[in-house]
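K.L.:
Questions regarding the structure given below will be posed in turn.
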């Protein structure tokens, strides 16, 4: 019986330490929020939620150094009209927060983008993408996008 009480107390202590550490670490909280924004972007694209994707773009958004939010709006509309189903496959990804300027985050990923009229994709492309996120308050907004 005393062994069970000790084990239970030890497990509770470890759980408290784990919980406190995550809450007290601002870097971990920023990284978690950045990962959540990235996942939300993927979910919004797959759900074909044009307004939600555009909401995640920073007002100064640019792609490939010359394309703006209006281009993004037109491109999303075309993509969503062309394909009934869209899937974004993250083959690999890595995100980090800028060490000197914590208001910026970066994500590099290898993705597969597929589109389909039915269950079987009728188009698929592979991209290497770089995303730069800018934090506004508690939200990460996609500010820069480039791909190969």
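K.L.:
Please determine, by comparing only the residues of segment 42-51 that are in a helix (DSSP H, G or I) and in contact with a helix residue (DSSP H, G or I) (Cβ under 7 Å, 6 or more places away or on another chain), which one is surrounded by the fewest Cβ atoms within 10 Å (Cβ to Cβ).
P.N.:
50
K.L.:
In addition: Answer with yes or no whether residue 58 is under 19 Å from residue 33 (Cα atoms), crowded, with 17+ Cβ neighbours inside 10 Å and more than 12 Å from the chain's Cα centre (by Cα).
P.N.:
yes
K.L.:
Follow-up. Those residues that are under 30 Å from residue 26 (Cα atoms) and either modelled with pLDDT of 95 or more or not in a strand (DSSP E or B) (or both), I need them from segment 52-91; list them, please.
P.N.:
Scanning segment 52-91 gives 52, 53, 54, 55, 56, 57, 58, 59, 60, 61, 62, 63.
K.L.:
Within segment 102-137, can you find the residues that are closer than 29 Å to residue 27 by Cβ and touching a helix residue (DSSP H, G or I) at 6+ places or on another chain (Cβ under 7 Å)?
P.N.:
Listed by number, the residues that qualify are 102, 105, 107, 133.
K.L.:
Further question on the same structure: Restricting to segment 110-148, count the residues that are crowded, with 16+ Cβ neighbours inside 10 Å, over 19 Å from residue 80 (Cα atoms) and without any contact (Cβ under 8 Å) to a residue 40 or more places away in the chain.
P.N.:
2
The values are calculated or read from the model by the stated rules, or taken from the named source; none is laboratory data. Values in this document were obtained by computation on a predicted structure and should not be read as measured data. Quick reminder, even Gly has a Cβ in these numbers, built from the backbone with ideal geometry, and neighbours come from all protein chains shown.
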